[in-house]
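Note sheet for the following structure.
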C-alpha cells in the first residue's frame, strides 16, 4: 500500500523498530491532544470538581456502608497513611513544645493554647496532589502570637514543625514569622532556628 503516513502511524507489516530503529514515535495528534486535555483541565477543572461534588455529595452523606469513601473526594479531606497503625491522639495528651532560638522554651497543653488569643480563618485547603476542600474553618493560636509568647531570639530564620521544616512560612522581620499549621493533631514540636 503506497500512501503517505502520519507521524503516529506506520505502514502495515513494518514494526516501529524496523521504521526508525528506536521504537514507535509519538505523533503530532497525540501531543496536541494531550496539550488540549491539559488546557481543558486547567480552565474547567474547578467547575468540573464542583459539579462532581454536587452530584456525589448526597450519596456520600447518606451511605451507611462507607463504600462511598472509595469515590473521589467530595469537598472533604482525603486521608493518606503509609503506617500500619496510628498513635492515639486526644485533647488530654496533646502537647505543643516550642524550643530553639527562643527566650522562653515551653511545652503547652491544649488547654493552655485555648487560653491564648485565638484566630479564626476561612480558607480553601488545596493539597499538592490536586484535590481541594473549599471554605475550611481554621481556628487556633496564630504563629506570630505564639512566637511573641515565647520570645524569638534575634537571628532566627526558620521554623520547624515536628522536625520537618514548614512547607509554607514567611519571615516578616527578625522577630516575626507567619505560618499556618493544623492544631489538635497530637504532640507537636515547634523549633525556631
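The values are calculated or read from the model by the stated rules, or taken from the named source; none is laboratory data. A quick note: this is a predicted structure, and the numbers were derived from the prediction, not measured. Using ideal geometry, Cβ is built from the backbone for each residue, glycine included, and neighbour counts are taken over all protein chains shown.
Does residue 94 satisfy the criteria of being surrounded by 12 or more Cβ atoms within 10 Å (Cβ to Cβ) and modelled with pLDDT under 85? Considered against the rule, which asks whether it is surrounded by 12 or more Cβ atoms within 10 Å (Cβ to Cβ) and modelled with pLDDT under 85, residue 94 comes out as yes. Residue 55 falls short on exactly one of the conditions (1) assigned to a helix (DSSP H, G or I); (2) at pLDDT 85 or above, and that condition is (2). The residues in the stretch 100-123 that are within 26 Å of the chain's Cα centre (by Cα), assigned to a strand (DSSP E or B) and surrounded by 11 or more Cβ atoms within 10 Å (Cβ to Cβ) can be counted, and the count is 3.
Kindly evaluate residue 102 against the criterion of being under 24 Å from residue 45 (Cβ atoms), touching a strand residue (DSSP E or B) at 6+ places or on another chain (Cβ under 8 Å) and touching a residue at least 60 places away in the same chain (Cβ under 8 Å).
On the way: under 24 Å from residue 45 (Cβ atoms): no; touching a strand residue (DSSP E or B) at 6+ places or on another chain (Cβ under 8 Å): yes; touching a residue at least 60 places away in the same chain (Cβ under 8 Å): yes.
For residue 102, the condition - under 24 Å from residue 45 (Cβ atoms), touching a strand residue (DSSP E or B) at 6+ places or on another chain (Cβ under 8 Å) and touching a residue at least 60 places away in the same chain (Cβ under 8 Å) - is not met.
Sub-6 Å Cβ pairs linking a first residue in the stretch 130-153 that is outside the structural domain of residue 54 (by TED's automatic domain parsing) and under 10 Å from residue 102 (Cβ atoms) to a second residue that is at pLDDT 85 or above and not in a strand (DSSP E or B), at least 6 apart or interchain, are 150/104; 151/103; 151/104; 153/101, ordered by first then second residue.
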